[in-house]
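Encoded as structure tokens, the structure appears first; notes follow it.
The values are calculated or read from the model by the stated rules, or taken from the named source; none is laboratory data. This structure is a prediction, so every number in the text was calculated from the model and none was measured. All Cβ positions, even for glycine, are placed from backbone atoms using ideal geometry, and neighbour counts span all protein chains on display.
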Amino acid sequence: MSVSSNKRQALLPGETGRVAGLLSAFILLLAVLPILTMIVMSFSGAANLDFPPSSYSLQWYRAAWHTFVSPDASDVLSLGQAMGTSLLVACLTMIFATLIAVPAAYALTRCEFRGKAVALQLMSLPLVFPMVVLGLALLLVFDSLPFQMTTSRLVIAHVILALPFVVKNCTAAMLGIGSEVEEAARMLGATPRRAIVDVVVPLMKSGILAGMLLAFIVSFNEFTVTYFLYTIDVMTVPIWMYSRTVSSLDPTVFSFAVLIVLIDFVLIWALEKLVGEGGVSF
Amino acid sequence: MEHQALTHPQSVAPMRSRRSLSPTARAWFFLSPSMLFLGVLIAASLLVLRMSVGTKGAEWSGFSLASYGQLLEPYYLKSLLLTLRLALISAVIAVLLAIPVAYTMSRLASPLLRRVFLAAVLLPLLVNLLLQSYGWLVILGPAGMLNQALIGLGLIKRPIMLLYNQNGVLMGLVQTAFPLAVLPIASAMRGVARSYEEAAATLGASRFQVFRQVVLPMSLPGIITGATLVFAYNASSFVVPLLLGGRRVPMLAVMVHDQIAPLMNWPAASAAGVVLIVTTLLIMTLSEYFTGRRRRMLEASQ
């Protein structure tokens, strides 16, 4: 695309042509189409789900705001409470996942040890493990415990789900530092622990932050496992939305959805800025 | 601070501090907090395995293979086959769509465009599947966008049913798992140095030939990884068949949940869950084997 300003110069090998670029843009448009549709629908002035809407208005936003400030008596739980739970669980997930992922990433990049291959495989297990089975399995575990866990069992589940993302990002950040920095600190008299805490960890700050953001996003958007583990008085926003729309889809949900997508988009954009394009590891 | 270093001269020598653990013990010490959480996951899956051979009513003490036998009944067998078929088709379609996108992404020069592309790839992966399914409900409904487009193009006379059948579910599966195909393929293609493409072009290959005979074979490990991820992800997909399929497209994950929520049949749910785990692990191992072999071949040829 950038070469087209020159005279009719042929594309160099390794540059994508206009056709491939347009095709990719079209496919990506299809990939985000459900999200875009939802955003358009939230501004609908009609009461049905026809697309495109026959008129546009902010009526669903008003209705959504009304739901938020004065919850119906029919709802078991208000959106405010669900939002509070979601944010609490997401923040705790972010903190715990990061605290346990940083030392793990250190071991995986800096140490040669027996069982490393096994450890690496285990770390990516939650990525491919069927979510429904994870939900079922954790439900079995938590139900057989003699004491009640409500919010904490959601946090444990979300930490397991977010762990691979955080470890991958921290590992990538640590690989970029090089062990000579740490060795230099050790030469200058720092203990191994100080070399890690004062030198290595600050240097990999952006990778850690990226992992934290991803952990937050994963937890904030998680539905399947939470669906198995929620209790009637502790539910997250996605569960709240599902319980509200299980019988019929009412368009106020689209306004909530737009809010969530907006939060996600800001976080993703921040994530990309932090680690540079192509730097997010999965 | 300085005299502290002097009073502990032994810490100056790297790798040989006084109370040094063996490297293996030290590494596992660092890994132990994460392993605690992963241990919960493993213990939980073992419980599922135990539960799957239990009997209803005496889940922890009984032993029978009845739940697995039940999976061989036509209804369940059909669900298993349906799950595998939809996962396979969605993996093929997702990879075919992902290849041009990944190639474009790996060769984009403008930083802004790269960020926009990456955001468009990450959104479907990270945004709550429930919300995306709501979007699909609007697109696929009888008066939805797709039906209107098809009528507008004169391809159909009356709205066709897209919701609550396999077509709708398949579209949802492809879209939600699409990023899992793009990301590994893009990273594999970024690894193919431009000099190979230039060499091929110098030798007279057309642009398409360069792509078809150089870039594509060299990024095959990424393509296999992408296909595997999509397959595994969709084989256990829950939200998409639940919302877009109603109860008419009973994929395995939906059955697992149905066995618990209305039926309270824990052994049956666990047996179906074990089948899901085994399927996933099998496909991952196979893919690992093929990509490993392919990678070694590529390395040997360079």
Item to check | Which numbered condition B:Leu281 misses (of (1) over 30 Å from A:Ser248 (Cβ atoms); (2) within 11 Å of chain A (Cβ to nearest Cβ); (3) crowded, with 19+ Cβ neighbours inside 10 Å; (4) not β-branched (Val, Ile, Thr)) | outcome: (3)
Item to check | Meets criteria (hydrophobic (A, V, I, L, M, F, W, C), closer than 25 Å to A:Ala105 by Cβ and exposed (fewer than 15 other Cβ atoms within 10 Å of the Cβ)) for A:Leu188 | outcome: yes
Checklist outcome for this item: A:Met38 vs (1) modelled with pLDDT under 80; (2) at the interface with chain B (Cβ under 9 Å from one of its Cβ atoms): all pass except (1)
Checklist entry - Looking at B:Gly172, B:Gly152, which one is modelled with pLDDT under 90 and either not assigned by TED's automatic domain parsing to the domain that holds B:Glu197 or not hydrophobic (A, V, I, L, M, F, W, C) (or both)? => result B:Gly152
Item to check | Only one of A:Leu140, A:Leu145 that is within 8 Å of chain B (Cβ to nearest Cβ) and either closer than 27 Å to B:Met51 by Cα or not hydrophobic (A, V, I, L, M, F, W, C) (or both) | outcome: A:Leu140
Checklist entry - Among the candidates B:Pro241, B:Pro217, which residue alone is surrounded by 21 or more Cβ atoms within 10 Å (Cβ to Cβ) and either modelled with pLDDT under 85 or at negative phi (or both)? => result B:Pro241
Next on the checklist: Would you confirm whether or not the range B:229-246 contains a residue that is of a type outside the set (A, V, I, L, M, F, W, C), more than 12 Å from the chain's Cα centre (by Cα), assigned to a helix (DSSP H, G or I) and in the same structural domain as B:Asn128 (by TED's automatic domain parsing)?
Outcome noted: yes
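Rundown of residues vs (1) within 11 Å of another protein chain (Cβ to nearest Cβ); (2) touching a residue at least 24 places away in the same chain (Cβ under 8 Å); (3) more than 13 Å from the chain's Cα centre (by Cα), yes/no style:
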position	(1), (2), (3)
A:Val200	no, yes, yes
A:Met212	no, yes, no
A:Phe220	yes, yes, no
A:Phe254	yes, yes, yes
A:Val258	yes, yes, yes
A:Leu271	yes, yes, no
A:Val275	yes, yes, yes
Checklist outcome for this item: For the range A:110-147 the number of residues that are free of Cβ contacts under 8 Å to residues at least 12 places away in the same chain, part of a helix (DSSP H, G or I) and not hydrophobic (A, V, I, L, M, F, W, C) is 4
Item to check | The listed residue being buried (at least 22 other Cβ atoms within 10 Å of the Cβ) and either in contact with a Leu (Cβ under 9 Å, 6 or more places away or on another chain) or in the same structural domain as A:Phe254 (by TED's automatic domain parsing) (or both), out of A:Val155, A:Val118, A:Val132 | outcome: A:Val132
Item to check | Among (1) at pLDDT 85 or above; (2) in a loop (DSSP other than H, G, I, E, B); (3) hydrophobic (A, V, I, L, M, F, W, C) - the single one A:Phe51 does not satisfy | outcome: (1)
Checklist outcome for this item: Those helices (runs of 4 or more DSSP H) completely within the range B:125-223 that have 2 or more residues that are more than 9 Å from chain A (Cβ to nearest Cβ), touching a residue at least 40 places away in the same chain (Cβ under 8 Å) and under 18 Å from B:Met105 (Cβ atoms) are B:166-190
Item to check | Residue match in the range B:86-96 (condition: within 23 Å of A:Met38 (Cα to Cα), within 11 Å of chain A (Cβ to nearest Cβ) and surrounded by 15 or more Cβ atoms within 10 Å (Cβ to Cβ)) | outcome: yes
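Residue-by-condition table, conditions (1) of a type in the set (Asp, Glu); (2) farther than 30 Å from B:Leu220 by Cβ; (3) more than 19 Å from the chain's Cα centre (by Cα):
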site	(1), (2), (3)
B:Met255	no, yes, yes
B:Ala268	no, yes, yes
B:Val274	no, yes, no
B:Val278	no, no, no
B:Leu282	no, no, no
Next on the checklist: Yes or no: the range B:99-110 includes at least one residue that is within 30 Å of B:Val254 (Cα to Cα) and touching a Phe, Trp or Tyr at 6+ places or on another chain (Cβ under 7 Å).
Outcome noted: no
Next on the checklist: Under 6 Å between Cβ atoms, which residue pairs at least 6 apart in sequence (or on different chains) link something in the range B:99-113 that is within 7 Å of another protein chain (Cβ to nearest Cβ) with a partner that is β-branched (Val, Ile, Thr) and part of a helix (DSSP H, G or I)?
Outcome noted: B:Val101/A:Ile27; B:Val101/B:Val182
Checklist outcome for this item: Selection over the range A:148-161 where residues are assigned to a helix (DSSP H, G or I), touching a residue at least 24 places away in the same chain (Cβ under 8 Å) and more than 8 Å from every other protein chain (Cβ to nearest Cβ) yields a count of 7
